[in-house]
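> I have a structure here, written as structure tokens, and I will follow up with some questions on it.
The values are calculated or read from the model by the stated rules, or taken from the named source; none is laboratory data. Since the model is a prediction, treat every value here as computed from it, not as a measurement. Positions of Cβ are backbone-derived with ideal geometry, glycine not excepted, and every protein chain shown enters the neighbour counts.
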Amino acid sequence: MTVRTRADLADLPGYVPGRTIPGAIKLASNEMSPGPLPSVVKAIAEAASRINRYPDSGAGELVSRLSGRLDVPESRLAIGCGSVTVCQQLVQATSGAGDQVLFGWRSFEAYPILVQVAGAAQVRVPLTAGHGLDLDAMLAAITPATRLVFVCTPNNPTGTALRRAELERFIDAVPDDVVVVIDEAYREFVDDPEVPDGIELAKEYWARGRDNVAVLRTFSKAYGLAGLRVGYCVASEAVTEAVRKVYVPFGVNALAQVAALASLDAEDELLVRCAETVAERGRVRDTLLDQGYEVPPTQANFVWLPLGEETDAFNEHCLAQKIVVRAFSGAGARVTIGLPEENDAFLAAAAGFAAT
Ligand code: PMP
């Protein structure tokens, strides 16, 4: 007998993660290159003696700490194994067959997959010529079937970020039964004062009775815990309750919870690393511009090179120099900002490609 799986998932592309190649410099997954802080490793080692016990399924201590840190009630926080899991929960909690989920494209590769898995329809709205979200076109694409809109800012993979006025105008115009998810995975790398803090913005909307604004954050990027999988959303109770209903019990493991708490303790140190990344980002972008590349202004820990048909050749060239970037065939390459010496190696490879 042939096993029956869901026919509507037959063409599901599957998520393709950034590659790790032994001996190569990995600038493919927007991770922090510096290793974990000794204080975080120590906390994990201490917690290891208790892994015979299930973790706190609701990650209570972490919720409580984040609640104080962000000045958001605990009831408005939901933790997941990486913010991608919270994305999935948000989609599952809001959207199923007959519903639509809207997002700019190109954006985070997981959105279309999560939407298809939920049985909902994806609506992709092309980016502007400047590689940013086209908010007017996104508004125009909203229909009575729209349940959720992902607004990725800074946008992965282009790095562009929305300014306060444009984001507010957008949210104001979205019907208030449609959840607007501001995906701020890269928030800590923003240095443009005109780019709002989504959580503070969400609080303003909640105060006005607009409960449809949610924000996603992660410990994977600025906090350096990509390997442990912790992320969260802040949203109104209506949204967090629905998100919690569709969670997988005990998903956020005990070591991840402890590491996230230790990272909050060491926040100042981690944010210094972010500032170093931001300084390197400026240097990398300026050098690439000098080399003749188009590089949209970026507020994230990566740069986007819209290389179009040259993308595969660029990727091969980088791989030959033992540098792994993230190539989106026919569109462009996303390159994570690493340590200064890693960035130097990448810039040398980019110069070599530009000269060919
Ligand atoms: N959102 C965006 C925009 C991302 O780029 C990523 C990771 N690439 C995520 C969410 C998910 O990250 P994580 O699951 O590690 O928190």
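> Only one residue in ASN155, ASN212 is more than 15 Å from the ligand (Cβ to nearest atom) and surrounded by 21 or more Cβ atoms within 10 Å (Cβ to Cβ), so which one is that?
Just a single option satisfies the conditions, and that option is ASN212.
> Exactly one condition in (1) closer than 13 Å to VAL284 by Cβ; (2) free of Cβ contacts under 8 Å to residues at least 12 places away in the same chain is not met by GLU316; state its number.
So GLU316 meets the others, but not (1).
> Could you list, in sequence order, the residues of segment 32-58 that are assigned to a helix (DSSP H, G or I) and either touching a Gly at 6+ places or on another chain (Cβ under 9 Å) or within 16 Å of the ligand (Cβ to nearest atom) (or both)?
VAL40, VAL41
> Continuing with the same structure: Given the condition more than 13 Å from the ligand (Cβ to nearest atom) and buried (at least 20 other Cβ atoms within 10 Å of the Cβ), answer yes or no: does some residue in segment 110-119 qualify?
So far as segment 110-119 goes, yes, one or more of its residues are more than 13 Å from the ligand (Cβ to nearest atom) and buried (at least 20 other Cβ atoms within 10 Å of the Cβ).
> If the requirement is being of a type in the set (A, V, I, L, M, F, W, C) and buried (at least 18 other Cβ atoms within 10 Å of the Cβ), which of these qualifies: ALA333, ALA313, ALA320?
Working: ALA313 fails: buried (at least 18 other Cβ atoms within 10 Å of the Cβ); ALA320 fails: buried (at least 18 other Cβ atoms within 10 Å of the Cβ).
Just a single option satisfies the conditions, and that option is ALA333.
> Hey, another quick one. Counting just the residues of segment 218-241 that are more than 8 Å from the ligand (Cβ to nearest atom) and within 21 Å of GLY18 (Cβ to Cβ), which one comes out surrounded by the fewest Cβ atoms within 10 Å (Cβ to Cβ)?
Initially, segment 218-241 is screened for residues more than 8 Å from the ligand (Cβ to nearest atom), giving 222-225, 227-228, 232-241.
Those left that are additionally within 21 Å of GLY18 (Cβ to Cβ): 222-225, 227-228.
On the way: ALA222: 22, TYR223: 27, GLY224: 23, LEU225: 26, GLY227: 10, LEU228: 23.
Per the stated criteria, the residue is GLY227.
> Being over 27 Å from VAL278 (Cα atoms), surrounded by 13 or more Cβ atoms within 10 Å (Cβ to Cβ) and either out of contact with any strand residue (DSSP E or B) (no Cβ under 7 Å at 6 or more places or on another chain) or modelled with pLDDT of 95 or more (or both) is true for just one of VAL41, VAL3, VAL72. Which residue is that?
Selected residue: VAL72, the only one of VAL41, VAL3, VAL72 that is over 27 Å from VAL278 (Cα atoms), surrounded by 13 or more Cβ atoms within 10 Å (Cβ to Cβ) and either out of contact with any strand residue (DSSP E or B) (no Cβ under 7 Å at 6 or more places or on another chain) or modelled with pLDDT of 95 or more (or both).
> Quick check: anything in segment 288-295 in contact with a Ser or Thr (Cβ under 8 Å, 6 or more places away or on another chain) and either outside the structural domain of ALA161 (by TED's automatic domain parsing) or farther than 18 Å from ARG76 by Cα (or both)?
No, segment 288-295 contains no residue that is in contact with a Ser or Thr (Cβ under 8 Å, 6 or more places away or on another chain) and either outside the structural domain of ALA161 (by TED's automatic domain parsing) or farther than 18 Å from ARG76 by Cα (or both).
> Do we find a residue being modelled with pLDDT of 95 or more, within 16 Å of the ligand (Cβ to nearest atom) and touching a Pro at 6+ places or on another chain (Cβ under 6 Å) anywhere in segment 170-188?
First pass over segment 170-188, keeping only residues modelled with pLDDT of 95 or more: 170-188.
If we keep only those that are within 16 Å of the ligand (Cβ to nearest atom) too, we end up with 179-188.
Pick out the ones that are also touching a Pro at 6+ places or on another chain (Cβ under 6 Å) and you get 186.
Within segment 170-188, one or more residues are modelled with pLDDT of 95 or more, within 16 Å of the ligand (Cβ to nearest atom) and touching a Pro at 6+ places or on another chain (Cβ under 6 Å).
> Moving to a separate point now. Kindly establish whether ASP11 is at pLDDT 95 or above and either away from the ligand (no atom under 16 Å from the Cβ) or loosely packed, with under 14 Cβ neighbours inside 10 Å (or both).
In short, no.
> Of all residues in segment 16-31 being more than 10 Å from the ligand (Cβ to nearest atom) and not hydrophobic (A, V, I, L, M, F, W, C), which is surrounded by the most Cβ atoms within 10 Å (Cβ to Cβ)?
Going through the qualifying residues, I end up with LYS26.
> Return yes when LEU271 is under 29 Å from GLU61 (Cα atoms), among the aliphatic types (A, V, I, L, M), touching a residue at least 12 places away in the same chain (Cβ under 8 Å) and exposed (fewer than 14 other Cβ atoms within 10 Å of the Cβ) and no when it is not.
On the way: under 29 Å from GLU61 (Cα atoms): yes; among the aliphatic types (A, V, I, L, M): yes; touching a residue at least 12 places away in the same chain (Cβ under 8 Å): yes; exposed (fewer than 14 other Cβ atoms within 10 Å of the Cβ): yes.
The answer is yes for LEU271.
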